[in-house]
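**Q** I am attaching a structure below and will ask some questions about it afterwards.
Computed from the coordinates by the stated procedures, all read-outs in this text should not be read as laboratory data. Keep in mind the model is a prediction, meaning the values are calculated, not measured. Backbone-built Cβ (ideal geometry, glycine too); neighbour counts: all protein chains shown.
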Amino acid sequence: MAFQYPNSSPQRVSTLHEHFGNEIELLADDGEPISFVIKQEFQWGDVTYVALLPFATKDEDELQFMRVIIDQVEIELESIIDEDEWEAVSEAYDELFFASEEN
């Protein structure tokens, strides 16, 4: 199924910041914890996304984008596998991030 661009512009949200602060720790595939800086969260259409930067690097090329899944009890992060969705989310992040730097 191909990624469908939302009809709305991305809007900033702060769900992860409210629960975890500026950093979050996730488990890698090998079970080792990795710390990330929460760079930006935004809702785009019906989906919330987050841009994470590994704490060990400050290289913006290392940004990772994930979906934020919120149910009544917990918050989960889900990898974006679809290449078109990842590219679209990356562009939406740039739009939000660089617009905030200009203000």
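**Q** Please compute the length gained on full extension between Asp30 and Glu95, using 0.36 nm multiplied by the number of residues separating them and subtracting their Cα-Cα distance.
**A** Extra length available between Asp30 and Glu95 comes to 20.0 nm.
**Q** Let me know the longest stretch in the chain that avoids all chymotrypsin sites (Phe, Trp or Tyr not before Pro) found in a DSSP loop with at most 16 other C-beta atoms within 10 Å.
**A** Segment 4-54 is the longest.
**Q** Now for a separate question. Picking from Asp30, Asp61, Asp46, which is most flexible by a Gaussian network model of the chain using Cα springs under 10 Å?
**A** Looking only at Asp30, Asp61, Asp46, the biggest GNM fluctuation is shown by Asp30.
**Q** Once you keep just the Cα pairs under 8 angstrom separated by 6 or more residues, what percentage relative contact order results for segment 11-102?
**A** It comes to 18 percent, rounded to a whole number.
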